[in-house]
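Participant: Questions regarding the structure given below will be posed in turn.
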Amino acid sequence: RDDLQRGGRNGPEKAEERSIGLVKMPESSELAVAEKWDRALELGVKRMGYGALVGLAGAVILFRSTPMRSAAVGLAVGIGLGMTYSETKRDFEQLTAAANKQV
């Protein structure tokens, strides 16, 4: 019974081998694409948030009217999204170039 709690019938050695084997698993193309999408979404959310904060701070200092403040925030968020788009595009182009070299 103590063997089962430590990693199965073969003891803890086999459990460690399995966990090490999972860490060193070769990266498949689907996994690489999923990681690129995860990174793109993370960057997009971060840069939209940073853009909104910077745009809001600048708008409060520079503008008095609400429409101008909204425009400044929108511009800053748009810049953040544009930066995310260009970086994500470059990441996916590098991924496809690497895949084409392997073929």
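Computed from the coordinates by the stated procedures, all read-outs in this text should not be read as laboratory data. Because the structure is a prediction, the values reported are computed rather than measured. A quick note on method: Cβ atoms are made from the backbone with ideal geometry, for glycine too, and the neighbour counts reach across all protein chains shown.
Participant: Which order, highest average first, do 49-60, 82-93 follow once you tally other Cβ atoms within 10 Å for each residue and take the mean per peptide? Don't skip to the answer; put the middle values down first.
Facilitator: Values: 49-60: 16.0, 82-93: 13.8.
Packing order, densest peptide first, comes out as 49-60, 82-93.
Participant: Can you check what the net charge comes to around PHE92, using other residues whose Cβ is under 12 Å from the Cβ of PHE92 (Lys, Arg +1; Asp, Glu -1)? Intermediate values should be presented prior to the final figure.
Facilitator: Numbers: positive: LYS36, ARG39, LYS89, ARG90; negative: GLU35, GLU87, ASP91, GLU93.
Neighbour charge sum, excluding PHE92 itself: 0.
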